[in-house]
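The values are calculated or read from the model by the stated rules, or taken from the named source; none is laboratory data. Just so we're clear, the structure is a prediction, and the values are computed from it rather than from any experiment. Heads up, the Cβs are rebuilt from the backbone with ideal geometry, glycines too, and the neighbour counts pull from every protein chain shown. With ligands, DNA and RNA removed, areas are computed over all heavy atoms of the protein, side chains included. Shrake-Rupley method; radii C 1.70, N 1.55, O 1.52, S 1.80 Å.
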Amino acid sequence: MEKILDLISKKMEKAFADAGFDASYGRVTVSNRPDLCEYQCNGALAAAKVYKCAPIQIATKVAEKLDAADFSMCDAVMPGFINLKLSDAFLRNYLEAMRNEADFGVEKPGAGKTVVVDYGGANVAKPLHIGHLRPAIIGEALKRLYKFMGYHTIGDIHLGDWGLQMGLIIAELQERQPELCYFDPDYTGEYPKESPFTLTELEEIYPTASSKKSDPVFAEKAHVATYELQQGRRGYRAIWDHIMGISLPDLHRIYDLLDVHYEKWLGESDADPYIPAMVADLKERGLAVESNGALVIPVQEETDKKDVPPCILVKSDGSAIYATTDLATMVQRMQDWQPDKMLYITDKRQALHFEQVFRAAKKSGIVKPETELEHVGHGTMNGADGKPFKTRDGGVLRLEQLIADMTAFVRSKVVENKIVEDAQVEATTAKIALAALKYGDLSNQPTKDYNFDLERFAAFEGNTGPYILYTIVRIKSILSRYGAWEALPIQTPANPFAKDLMLAITKLGPTLEQALKTSSPNQICAYIYELAGCVNKFYHETRILTEEDESLKAGYIALIGLSKNVLETCINILGFSAPEKM
Ligand code: ARG
C-alpha cells in the first residue's frame, strides 16, 4: 500500500500544478508542530523565490485547490506553510485498507531478494557469556525484519569452531591423558563414540588451557595441534567431533531460551575446504601478495584518511586466520545461496576486520560488485552502574545466569501479584522475562552502549517490554469479553484519542522501512511505545465495553483489534510474544 506521506504528497503536488506552480514543490512532511497540525508542506517558501511572489500568496492559492474530502484542515499560514489535518473519512479508509491487506499493506522491498544474516558468533567449547546477548538479540530482530519486508532470509551462526581454542583444548587434554588413543599417531582403529570429557569438564578444560597461553612451550603445542587439526589429523578430528557433539546441544538450548533460531549452524570449519582454492586463485590473479612472509590482500584506497592495513590471508606460519575463514565463507555463500546481501552483527570493535574483509571480497570478485555487505557493530552492555558487567568474583557473567536472574525476578512479581494460576506461572514468566531482556536491549540504538538494569527493564510501567505486553494483554482481554471482532470494519474516529491512535497505526509501514534502512530495531521499539501510549490513552478516555450504541462500540473494538494486531506483529519482529494474561 502506498504510504500516507506519498499519497498526500501526490495530492499536494497536483494542487501546486492546478494553482499554476511546479508540482515538485508539493512534497509533504510529518508536522513538526503536532499541536497545530498532522502534516505540513513547506513548498511555497521555496517556490516564492522562483515565482517572485510572497510565499503566503502561493500557499493560499494552493490550499484552495486541495480537496476537502481528504483534509479536515488545509490552512495557509504565515510565512507560507500549508498545515494539514487528514479528514476522518480519509483516515478511516486508509486504516480499513490496512486492516484488509496482508501484513497491513506494508510495502515489500525485499521481494525476490536473499539476505544472509550472520549473527550470534558463538565459540564452541566456551560457555555463552553476556557478550553474546546483543549480537543474538539484534541479529534475530534484524533477520525477522528482513523477512517481514519480503526477503528470503538465511540466518547463519558462523560458529567459532576452528581456531586456536580447539588446539588449546587438544593440547590440554594431551597433558592430562596422554594415553588416549587420539594422541597415538599410529592408531588406525575406530575412535570411541563416547567422549573422554563431559560438558562440565570441557567448561573447565578450556579456561585452564587458555590461561596457559603465556607459557611458550604450551602455546607452541596448541598452535601445532591447531595446525594439525586443520590439516586433518584423524585423532584430532575425532576430539573435535566430541567437542562439537557436546557443545552444540548446549548452545541450542540457550539460544532456544532466547527464542533465537538459526537456519544454518555453519562455522569456520565449514569454510575450511574453500580456503586452498581461494588462496591459489587470489595468488594467481596477483591479488594476494607476499608481505613479511605472510600472504595479504592490500585494501588501502586513495581516498582513505586513515591507514587501512592489508587483509591477512595466510600467516607466515602457514595458518589461516579469522579473515581467511570469513572470505572463504563468502565464497561458500555466493556459491550455495547467491545472496543479494550479507549482514553481519558483531561487537563494533570488529569494525576494522569487516572493513578489510569487505574490501578484499569486492576487490577480488568473491562477491559481485552489487552484493551489499553491511556490518552492524553493536556497543557494550554494561552493569547498572555503567561499568563493565562483572560477576562478584570479577568474572564474566554467563548468559544463562543473566537469563536466570531476569527470570527469577519476573517470577517473583508474577507470583506475588497472583497474575496467573500456578500452572501458568512458568510460561507467563518466561514470556515477560524475554520481553524485558530483549526490549531493554533493542530499545537502544545498536551502536550505543547501555546499562543493564534488571528492575527497570522488568517494570510493568514505562518504556519497557512488559509495558508493551501489558497493553496487548489488556486489549486481548477486552476483545475476548466482546466476542467475535475480526470482521468488524474500521470506523471514522469517534474522538480525538481515536484519531491519534489511528494516525499512529498508519506509521507502521514508514517505521519498518526506516528501521530496515538504518538497521535500527530501536525505531520499532519507539514506534510501539508511542502506539501503546495511544492505545492506553484511548482506553482511559473512552468507555468501550459499556458503550450503549452498539455500532459505536463495534468501531472501538475494531480499532483496538487492529492496534493489537499491529503491536503483536511488531513484537514478533523484535523476537518476543505476549502471554494471555498478565
Ligand atoms: N566468533 C566470532 C567472535 O567471537 C564472531 C563471529 C562473527 N561472524 C563472522 N562472520 N566473523 O568474535
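What to note about this one:
- Neighbours by Cβ (under 8 Å, 6+ apart or cross-chain): first from the stretch 446-460, open to solvent by less than 30 Å² (accessible area, probe 1.4 Å); second in a strand (DSSP E or B) and hydrophobic (A, V, I, L, M, F, W, C): Pro446/Ile345; Pro446/Val376; Tyr450/Met381; Phe452/Met381
- Selection within the stretch 411-428 - β-branched (Val, Ile, Thr) and without any contact (Cβ under 8 Å) to a residue 40 or more places away in the chain: Val414, Val415, Val425
- Matching residues in the stretch 362-389 - criterion: being hydrophobic (A, V, I, L, M, F, W, C), more than 22 Å from Ala458 (Cβ to Cβ) and in contact with a strand residue (DSSP E or B) (Cβ under 7 Å, 6 or more places away or on another chain): Val367, Leu373, Val376
- Taking each residue of the stretch 1-26 that is of a type in the set (Asp, Glu) and looking for partners that are assigned to a helix (DSSP H, G or I) with beta-carbon atoms closer than 6 Å, six or more apart or interchain, yields Glu13/Ala23; Glu13/Gly26; Asp18/Lys65.
- Strands (runs of 3 or more DSSP E) (entirely within the stretch 237-346) containing at least 1 residues that are within 16 Å of the ligand (Cβ to nearest atom) and either open to solvent by 70 Å² or more (accessible area, probe 1.4 Å) or more than 30 Å from Thr200 (Cα to Cα) (or both): 311-314
- Long-range neighbours under 6 Å by Cβ, at least six apart or interchain, first residue aliphatic (A, V, I, L, M) within the stretch 74-93, second in a strand (DSSP E or B) and open to solvent by 20 Å² or more (accessible area, probe 1.4 Å): Ile82/Ala76; Leu84/Cys74
- Strands (runs of 3 or more DSSP E) within the stretch 1-82 that include 1 or more residues within 26 Å of Lys507 (Cβ to Cβ) and open to solvent by 50 Å² or more (accessible area, probe 1.4 Å): 28-30, 71-77
- Filtered residues of the stretch 524-550 (kept if without any contact (Cβ under 8 Å) to a residue 40 or more places away in the chain and surrounded by fewer than 20 Cβ atoms within 10 Å (Cβ to Cβ)): Glu530, Gly533, His540, Arg543, Thr546, Glu547, Glu548, Asp549, Glu550
One line per residue, one yes/no per condition, for (1) part of a loop (DSSP other than H, G, I, E, B); (2) of a type in the set (Gly, Ala, Ser); (3) touching a Pro at 6+ places or on another chain (Cβ under 7 Å):
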| site | (1), (2), (3) |
| --- | --- |
| Glu374 | no, no, no |
| Gly395 | yes, yes, no |
| Gln401 | no, no, no |
| Pro446 | yes, no, no |
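- Breaking point among (1) of a type outside the set (Gly, Ala, Ser); (2) open to solvent by 20 Å² or more (accessible area, probe 1.4 Å); (3) not in a helix (DSSP H, G or I), for Arg359: (3)
- Each residue in the stretch 128-183 was checked for being among the aliphatic types (A, V, I, L, M) and under 18 Å from Arg234 (Cβ atoms), and 6 pass.
- Residue within the stretch 210-221 that is in a helix (DSSP H, G or I), aliphatic (A, V, I, L, M) and either touching a strand residue (DSSP E or B) at 6+ places or on another chain (Cβ under 8 Å) or touching a residue at least 40 places away in the same chain (Cβ under 8 Å) (or both) present: no
- Taking the stretch 117-140 as the range and being near the ligand (Cβ under 10 Å from one of its atoms) and part of a strand (DSSP E or B) as the test, the residues that pass are Asp118, Tyr119, Asn123.
- Members of the stretch 347-360 that are within 23 Å of Pro276 (Cβ to Cβ), of a type in the set (A, V, I, L, M, F, W, C) and within 12 Å of the ligand (Cβ to nearest atom): Val357, Phe358
- Restricting the stretch 142-181 to residues that are of a type in the set (Asp, Glu) and modelled with pLDDT of 95 or more, the residue that is farthest from the chain's Cα centre (by Cα): Glu179
- Any chance Asn100 is open to solvent by 60 Å² or more (accessible area, probe 1.4 Å) and more than 27 Å from the chain's Cα centre (by Cα): yes
- Residues that are farther than 14 Å from Cys570 by Cβ, surrounded by fewer than 16 Cβ atoms within 10 Å (Cβ to Cβ) and not basic (Lys, Arg), drawn from the stretch 486-523: Glu486, Ala487, Pro489, Asn495, Pro496, Thr518
- Screening Leu91 with (1) more than 16 Å from the ligand (Cβ to nearest atom); (2) surrounded by fewer than 20 Cβ atoms within 10 Å (Cβ to Cβ) gives one miss only, at (2).
- Scanning the stretch 361-395 for residues being within 13 Å of the ligand (Cβ to nearest atom) and among the hydrophobic types (A, V, I, L, M, F, W, C) gives a total of 3.
- Selected residue (only one of Ala97, Ala68, Ala54, Ala48 is at pLDDT below 95 and under 25 Å from Met1 (Cα atoms)): Ala68
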